[in-house]
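Okay, so here's the structure we're looking at.
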Amino acid sequence: MEFESYDVLVVGGGLAGLRAAIAAVEANPRVKVGLVSKVYPMRSHTVSAEGGAAAALRPEDSYENHAFDTIKGSDYLADQDVVEAFVREAPVELIQMEHWGCPWTRDPDGKISARPFGGMTTWRTCFAADKTGFHMLHTVFQTSLKYDQIHRHDEAFVTKLLIEDSRCVGVIALDQRSGRFDAITAKSVILATGGLGRVYAFTTNGNICTGDGMALAYRSGVGLKDMEMVQFHPTGLPFTGILITEAVRGEGGYLTNSEGERFLKRYVPNKMELGPRDIISRAMVTEFEEGRGFEGPHGKYMHLDVRHLGEEAIDRKLPFMRELGREFVGIDIVHEPIPVRPVQHYMMGGVDADISSATPIPGLYAAGECANVGLNGGNRLGSNSLSECLVFGAAAGRAAAHYASSAKPVTTNPVDAMLWDEARRVETAYLEKTGGDERIGTIREEMQRDMDSGAGVFRTKEGLEKLTDQLGGLRERFERIKIEDSSRTFNTDLTAALELDFMLEVSQTIVASALAREESRGAHARRDFPERNDEKFLKHTIAYKTDTRPRLEYRDVRITNFKPQARTY
Ligand SMILES: Cc1cc2nc3c(=O)[nH]c(=O)nc-3n(C[C@H](O)[C@H](O)[C@H](O)COP(=O)(O)OP(=O)(O)OC[C@H]3O[C@@H](n4cnc5c(N)ncnc54)[C@H](O)[C@@H]3O)c2cc1C
C-alpha cells in the first residue's frame, strides 16, 4: 500500500505548527513538509489571542530583565537556559513577523508599540490592537502559502502516532470528509496541537483545545511534564468564560470588589492590577470567600473598570473588548464596569521536550502550548506564549528538518499493519459498538465540573483524592458510551468521543501530579501545603503512562544565573 509520505510532518495548524512548517522549509528547501490539522488552520485557538506577544525590543529593556521576569513569574520552576535562549530569539521572531506583514500597532514615530503586561517590569508586549492572535496567525498562514513544499491536510484528525523501532515515523489520521483512516508517514513529526482547557468547565479555550497531542505522546511513552501547573486567568466573563484580555489592566483598568475597593493592595501592593495571573486569581477567590465579591446568576464576580480611560482610548486600543461587552454582557464598557472572575486559560505543562523542542523519542518534536520545553515553569507570564510558539515552533522546524535529512526512509510494511489495527480499534470501540448507554456529553460535563472543583485555583489532598476516584469512575463509564451518529462524513459524535478519551487521559496526569506536589508554587496552590518547598520540589514532575495510575518521576530544574528567591510583588 502507498502512503502519503513526507520528510517533516507537522500536527497542528496554529501559530507553533505553521511557524514550524515554514522554518523546516527555510532550513532546507528540499524538505517536503506535511501539515495536518483537525480544523482549517485559521480556526486554531491562536486566532483568539487578544493581548500581545512579548519581546525585549525597546532600548530601555534588556534580555536580562525579560529573563528575570519570566523566571520569577515561573516561581523558579523554569529551566533558566531555556528562558535565556527564548528572550534572545523573541525579538528576532517578532521582527520576522513584521517583515512577513503582521500589522503591529505603532507609536507615532512608526516603531512597534508595546504595552505593559502582568508580571513584566517594563513595557514589552507588542500587539495588533486587541486581536493580536488573529493577525499573527494570518501572517504565518499567508506566508506558509508561498511554499509549494508545504502540503496541507485540513480537517484530518490524528488518532495515533506511528512508532517503529522506538522512532516516530508518522501518524494515523481520520480524514473527516470521507471518514477514511490514512497513514501519513514522515521521517520526523512535530506535535503543535495546543492546549487542553476543555477539561475544565469554565475556560477561555475553544472547543477544540482537548489535549490531543499530549495524550498521543503520552500513549507513545513520552512523559508529560509539570501537568499540575494549570493557569487561571483573573478576568473571564461569567457564564461564557470569554477572555477579557490582560491588556485591559495593562492599559490602566482597575479591579474592584463589592465594597468598591481596589483589593489588590492587600496582595500585590507594588504591582496592583499588573501582578501575575496566579496571585491575582488567588486574591479574587480569597475575596469571594471573605464575602467581598458581587453575586450574580453565574456565581461570584468582581468589577473590571475602564471607565476612567475614556472612549477614545478604549476604541483605539481595546475595540474588541467593547464589542465583547456589548455582545456577551449587554453593557458598554465606556460607561459600565465589566463583570469578571478567574477562568482556566492556559496549560504550562505538556509534552516533555528540550530546548530544541526534541522529545525523548527520536524523530518526535513538540512545540507551542502542547509542549513543555521548560519555559513557563509554575506560571506563564501573559504574552510569553505567542512568542514561545514562534521561537520554539521555529526551533522544532529546524531540528526536525535536520533530523529528516539523515534519517532512514520509513518502511511501509509495519505501517500497513498499524493502520489496519488503528482503524479496527476505532471502529470496534466506537462505530460498531452496540448496547452502550452512556452519553458523551454527560461524561464530558461531569469531568469538567469535577476538574473545576477538585483541581482549580486552590487544591487540597482530599479534593484531589476525590477527583482521582471521580475520574476513574468516568473512565469506566466511558467504556459504555454510545455513538449516536453512524455516518462517515464529518462524524462529530465520533471526534467528540476521541477527544473525550484524550481529555480523560490528560486529566489523570494533572491530578496525579498535583496530588504529589506537596507545596505551593506558581499556579499550584495547596491549602494543606501553603509554602514553596525548594528543598523537595525545585523539580519538574514527569508523568508516564502505566496500565493503572500515572507513574511520576522528578527532574532537577536547570538554574544558571538567577538564584531562587521569595516571590513577592
Ligand atoms: C482566548 C485566549 C487568548 C489568549 N491571548 C494570548 C495573548 O494575548 N498572548 C499570548 O502570548 N498568549 C495568549 N493566549 C495563549 C496562546 O494564544 C496559545 O497558547 C497559543 O496560541 C497556542 O498556539 P499553538 O500553536 O500551540 O496551538 P493552537 O493555536 O491551539 O493550535 C492547535 C492546532 O492543533 C491542531 N490539532 C489539535 N489536535 C489535533 C488532532 N488530534 N489532529 C490534528 N490536528 C490537531 C488544531 O487543529 C490546531 O490547528 C491566549 C489563549 C486564549 C485561549
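For segment 474-529, the set of residues classified as away from the ligand (no atom under 16 Å from the Cβ), in a loop (DSSP other than H, G, I, E, B), within 19 Å of residue 282 (Cα to Cα) and not charged (D, E, K, R) consists of 520, 522, listed by residue number. For segment 131-151, the set of residues classified as open to solvent by less than 20 Å² (accessible area, probe 1.4 Å), closer than 13 Å to residue 53 by Cβ and either assigned to a loop (DSSP other than H, G, I, E, B) or of a type in the set (Ser, Thr, Tyr) (or both) consists of 132, 139, listed by residue number. Quickly run through segment 185-202 and pick out the residues that are more than 8 Å from the ligand (Cβ to nearest atom) and touching a His at 6+ places or on another chain (Cβ under 7 Å). Result: no residue meets the conditions.
Taking the numbered list (1) under 29 Å from residue 502 (Cα atoms); (2) exposed (fewer than 15 other Cβ atoms within 10 Å of the Cβ); (3) touching a residue at least 40 places away in the same chain (Cβ under 8 Å) in turn, residue 561 passes all entries but (1).
Only one entry of 186, 217, 192 meets the criterion of being aliphatic (A, V, I, L, M) and over 18 Å from residue 376 (Cβ atoms), and that entry is 186. Which residues, taken from segment 232-278, are among the hydrophobic types (A, V, I, L, M, F, W, C), part of a helix (DSSP H, G or I) and either open to solvent by 30 Å² or more (accessible area, probe 1.4 Å) or within 16 Å of the ligand (Cβ to nearest atom) (or both)? Once the filter is applied, which keeps residues that are among the hydrophobic types (A, V, I, L, M, F, W, C), part of a helix (DSSP H, G or I) and either open to solvent by 30 Å² or more (accessible area, probe 1.4 Å) or within 16 Å of the ligand (Cβ to nearest atom) (or both), segment 232-278 yields 247, 248, 272, 274.
Among the residues of segment 409-447, the ones that are within 17 Å of residue 171 (Cα to Cα) and touching a residue at least 40 places away in the same chain (Cβ under 8 Å) come to 12 in all.
Is it the case, given these coordinates, that residue 68 is open to solvent by 10 Å² or more (accessible area, probe 1.4 Å), on the phi < 0 side of the Ramachandran plot and in contact with a strand residue (DSSP E or B) (Cβ under 7 Å, 6 or more places away or on another chain)? Criteria not met by residue 68. Sub-7 Å Cβ pairs linking a first residue in segment 361-380 that is open to solvent by 10 Å² or more (accessible area, probe 1.4 Å) to a second residue that is among the aromatic types (Phe, Trp, Tyr), at least 6 apart or interchain, are 369/346; 380/346, ordered by first then second residue.
So is residue 383 out of contact with any Leu (no Cβ under 9 Å at 6 or more places or on another chain) and either aliphatic (A, V, I, L, M) or open to solvent by 10 Å² or more (accessible area, probe 1.4 Å) (or both) or not? Spelling it out, it is not the case that residue 383 is out of contact with any Leu (no Cβ under 9 Å at 6 or more places or on another chain) and either aliphatic (A, V, I, L, M) or open to solvent by 10 Å² or more (accessible area, probe 1.4 Å) (or both).
Among the residues that make up segment 444-456, is at least one of them over 18 Å from residue 200 (Cβ atoms) and surrounded by 20 or more Cβ atoms within 10 Å (Cβ to Cβ)? Looking for residues that are over 18 Å from residue 200 (Cβ atoms) and surrounded by 20 or more Cβ atoms within 10 Å (Cβ to Cβ), one finds none in segment 444-456, hence no. Looking across segment 71-111 at every residue that is over 30 Å from residue 555 (Cα atoms) and either in the same structural domain as residue 138 (by TED's automatic domain parsing) or of a type in the set (Val, Ile, Thr) (or both), the one that is surrounded by the fewest Cβ atoms within 10 Å (Cβ to Cβ) is identified as 92. Within segment 387-403, residues that are within 11 Å of residue 86 (Cβ to Cβ) and more than 12 Å from the ligand (Cβ to nearest atom) sit with their Cβ atoms under 9 Å from residues that are part of a helix (DSSP H, G or I) and open to solvent by 20 Å² or more (accessible area, probe 1.4 Å), at 6+ positions apart or across chains, in these pairs: 395/85; 395/89. Just one of the listed residues (172, 150, 163) is assigned by TED's automatic domain parsing to the domain that holds residue 391, among the β-branched types (Val, Ile, Thr) and within 11 Å of the ligand (Cβ to nearest atom), namely 172. If you check 484, 432, 476 for being assigned by TED's automatic domain parsing to the domain that holds residue 518 and modelled with pLDDT of 95 or more, only one passes: 476. The selection criterion, being under 30 Å from residue 375 (Cβ atoms), touching a His at 6+ places or on another chain (Cβ under 8 Å) and among the charged types (D, E, K, R), does not hold for residue 521.
Of the residues making up segment 172-217, just one is open to solvent by 10 Å² or more (accessible area, probe 1.4 Å), under 13 Å from residue 344 (Cα atoms) and in a helix (DSSP H, G or I), namely 198.
Of all residues in segment 27-85, those being part of a loop (DSSP other than H, G, I, E, B) and away from the ligand (no atom under 16 Å from the Cβ) number 14.
The values are calculated or read from the model by the stated rules, or taken from the named source; none is laboratory data. Bear in mind the structure is a predicted one, so any value in this text is a computation, not a measurement. When we count neighbours, we look across all protein chains shown, and the Cβ atoms used for this are built from the backbone with ideal geometry, even at glycine. Areas reflect the complete protein model, heavy atoms only, side chains present, ligands, DNA and RNA absent. Shrake-Rupley method; radii C 1.70, N 1.55, O 1.52, S 1.80 Å.
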